[in-house]
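The values are calculated or read from the model by the stated rules, or taken from the named source; none is laboratory data. Quick caveat, the model's predicted, so the values are computed rather than measured. Ideal geometry is used to build each Cβ from the backbone, glycine not excepted, and the neighbour counts take in all protein chains shown.
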């Protein structure tokens, strides 16, 4: 039976830890796959380089970034996670969540488990 799939950056320790947390604690039953090993369209692969992607079980809808996090939380069987997802999808919180997600994505190499390889723009 198809399940939702969370695509994350498998080269980033912080992203890998977050995907594991999502799978084990937030929404058990989702699949987590590094985007580098996923069968994604070229456009989705480009998106996945910059943001986490969540594909529904039917494979017809894909959310990215803060929206992916909110939908993932909404799908949780745990009421506090689902409530947080509901809140993140509301107008007052949505732009704040998007800005916070972008900040974390830009700084993931500085987060616990992050390394210089996690940087969106690795040093040359």
Does residue 56 meet the test of being surrounded by fewer than 18 Cβ atoms within 10 Å (Cβ to Cβ) and either at pLDDT 95 or above or over 22 Å from residue 106 (Cβ atoms) (or both)?
yes
Note on residue 50: of the conditions (1) in contact with a strand residue (DSSP E or B) (Cβ under 9 Å, 6 or more places away or on another chain); (2) in contact (Cβ under 8 Å) with a residue 12 or more places away in the chain; (3) closer than 20 Å to residue 3 by Cα; (4) exposed (fewer than 15 other Cβ atoms within 10 Å of the Cβ), unmet is (3)
Here are the criteria: (1) touching a strand residue (DSSP E or B) at 6+ places or on another chain (Cβ under 7 Å); (2) more than 19 Å from residue 3 (Cβ to Cβ); (3) not in a loop (DSSP other than H, G, I, E, B). Tell me which single one residue 44 does not satisfy.
(2)
Identify, please: which residue in region 69-124 is in contact (Cβ under 8 Å) with a residue 12 or more places away in the chain and out of contact with any helix residue (DSSP H, G or I) (no Cβ under 9 Å at 6 or more places or on another chain) and is, among those, nearest to residue 26 (Cα to Cα)?
77
